[in-house]
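Okay, structure first, notes after.
The values are calculated or read from the model by the stated rules, or taken from the named source; none is laboratory data. Every value quoted in this text rests on a predicted model; they were computed, and no experiment measured them. For neighbour counting, all protein chains shown are included, and Cβ atoms are generated from backbone atoms with ideal geometry for every residue, glycine included. Side chains included, ligands, DNA and RNA excluded: accessible areas come from the protein's heavy atoms. Shrake-Rupley method; radii C 1.70, N 1.55, O 1.52, S 1.80 Å.
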Amino acid sequence: MLSFPKDFLWGVACASYQCEGGWDEDGKGRSIWDDFCHDLSGHIRNDETGDTACDSYHRFREDVALMKEFGVRAYRFSVSWPRVIPDGDGDVNEAGLRFYGQLVDELLANDIEPLVTLYHWDLPSALQDRGGWLSRDIVSAFGRYAEILARAFGPRVKTYLTINEPQCVTWLGYGSGEHAPGLRMGEEKLAQIYHNIALSHSEAQRRIKAVQEDALVGIVPCGRLCFPEKDTPRGRDAAYRATFDLSRPGWYFTFNIILDSLILRRYDDSAPEAVRRFASRIPSADWDLMETPDFIGVNVYNGDVVDENGDFLKRHPGFPLTAMKWPVTPEVMHYGPLNLYRRYGLPMLITENGQSCNDRIFLDGRVHDPERIDFLHRYLLQLRRAVCEGVPVKGYLQWSFLDNFEWSHGYDERFGLIYVDYPTQRRIPKDSAGWYRDVIKSGGASLGPDPEDGKVQTCNSDILTTNGANT
Ligand code: PNW
């Protein structure tokens, strides 16, 4: 009896700046994250940097061997743009390309499918000097970069993710300034950045497919995902509407701000004034340039609960939190993908899910992380509900295989299945690594029955219908 489809892809994910290190080796150019960390003005906890990180630039073979040992079937990694094209749109750094070619070969030799993210936030500094994502020049530079990678990888790589979390790139990078390049811009400029990102995704998708027709190309948005307090038709509708309502605070942190552009080729009627003003100036030729992705990569960490009237409910005192103080809301893994499917009708891949814990090495020399196991277990049970309802989720990637550099939080936050002792770079599998190995090996059967009804659901082959927003 299978509850997840037989070809369901089980894997793990990471990103270049968070794990590679080797920040100035073998001809790599500088990225905005190198600059942001090096200026030591309090952007990053403990003034930490990704200069060395997990040293995966040198230890990738050891890391891939560990993935193999724990049964991982897919690895989502990102390419550092300035490692491959130091100034972003000039000469190619062959040594950088070679590194990623070797990583891909090592994965394939171990039966692990490489899933390649083109952009996980380490923009070449030289491009930021020319405006970064605010400048429309980025569209052709990003397209060229994508084509260079697609040519280099050839048929070895079948799945690409273009841009990780446009919402974080835009809002955290150019709005709140919490992330590199640390700027604070107004809403119309943020809308311009979103538009440039949508055009960049589209250009990359076209150029990858021109080189490799059968490649699958997705994008990885993030943002507010809502779920109903009560699972009733009214509750579900309210959660759907709240998820995509741009008139609520934080329009820049919603999935539809980017996906409506790419897929529906318009902005939602609920868009705030600044966005509408910007949208009214978009030339109609731009809409013709938009490419619908083949699938949506969804990063799922937590969500908001709404009642049947669509009001957001406050969490009760003492609500369960992760070490990073993110709420533990497993239901988001059911209703998040469900609502995205209802609006867009596309297949999905869970591209990230996990939690940070205050992990440490115990007296017995091992790393025990029962909270992480409980978290993954709860979220995967909810994902099973979505899959059993017919939501086409093709795979699940845990974030993250190794502990790594958690952006402005530095190394304090540990998301890994594998503990990294940074002073020695020793890797120590946590209890959760063994637990996840069993999940993968059993195709999800080891999750056991759903505590709510005591049953192990099985897949429903009748695929849900979408509500037609995209027709
Ligand atoms: C993701 N939120 O970012 C990133 O893609 C990863 O690089 C990062 O390490 C991981 O999550 C863990 O933080 C997120 O506010 C940023 O819900 C913000 C949110 C979620 C994920």
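Brief remarks follow.
- Evaluated with a Cβ-only charge set (Lys, Arg +1; Asp, Glu -1), region 361-418 carries a dipole of roughly 380 debye about its Cα centre, given to the nearest 20.
- Cut-off under 5 Å, modelled amide H: who pairs with R266 long-range: S261
- Applying the criteria of a DSSP loop state and at most 13 other Cβ atoms within 10 Å to the chymotrypsin sites (Phe, Trp or Tyr not before Pro) of region 330-401 yields F362.
- Each residue of region 313-326 was assigned a 3J(HN,Hα) from its phi angle through the Karplus expression (A = 6.51, B = -1.76, C = 1.60, θ = phi - 60°), giving 9, 6, 7, 5, x, x, 4, x, 10, 7, 4, 7, 6, 8 Hz with x at Gly and Pro.
- Prolate/oblate/rounded call for region 283-369, Cα gyration tensor, a/c under 1.5 rounded: oblate
- Dipole-positive endmost among P347, V328, S400 within region 326-406 (Cβ charges, Cα centre): P347
- Computed magnitude of the charge dipole of the chain (debye, nearest 20; Cβ of K, R +1, Cβ of D, E -1): 880
- Extended-chain gain in nm, criterion 0.36 nm per residue less alpha-carbon gap, R366 and E187: 59.6 nm
- Cα gyration tensor shape of the chain, rounded if a/c is under 1.5, else prolate or oblate by comparing a/b with b/c: rounded
- Each stretch of four or more DSSP H residues adds -39500 (n - 2.57); spread over every residue of the chain, this sum gives -10500 deg cm²/dmol at 222 nm.
- Neighbour cut-off at most 11 other Cβ (10 Å), DSSP loop, trypsin sites (Lys or Arg not before Pro), region 306-369: K314, K325, R360
- Annotation for region 205-310: GluC sites (Glu not before Pro) lying in DSSP loop with at most 10 further Cβ atoms inside 10 Å of their Cβ are E213.
- Apportionment of accessible area to carbon and sulfur, the chain, percent (1.4 Å): 49
- Using the 1.4 Å probe convention, the accessible area of the chain works out to 38 Å² per residue with neighbouring protein chains retained.
- For region 54-66, putting each phi into the Karplus relation 6.51 cos²θ - 1.76 cosθ + 1.60 with θ = phi - 60° gives couplings of 8, 6, 5, 4, 9, 9, 5, 5, 4, 5, 5, 4, 5 Hz, in residue order, rounded to whole numbers and with x for Gly and Pro.
- Dipole magnitude for region 142-220: about 320 debye, using +1 per Lys or Arg Cβ and -1 per Asp or Glu Cβ, origin at the Cα centre.
- In Hz, Karplus ³J(HN,Hα) per residue of region 379-390 (6.51, -1.76, 1.60; θ = phi - 60°; x = Gly, Pro): 5, 5, 4, 6, 5, 4, 4, 4, 4, 6, 7, x
- Taking a ≥ b ≥ c as the square roots of the eigenvalues of the alpha-carbon gyration tensor, region 176-255 is classed oblate because a/c is 1.5 or more while a/b is no larger than b/c.
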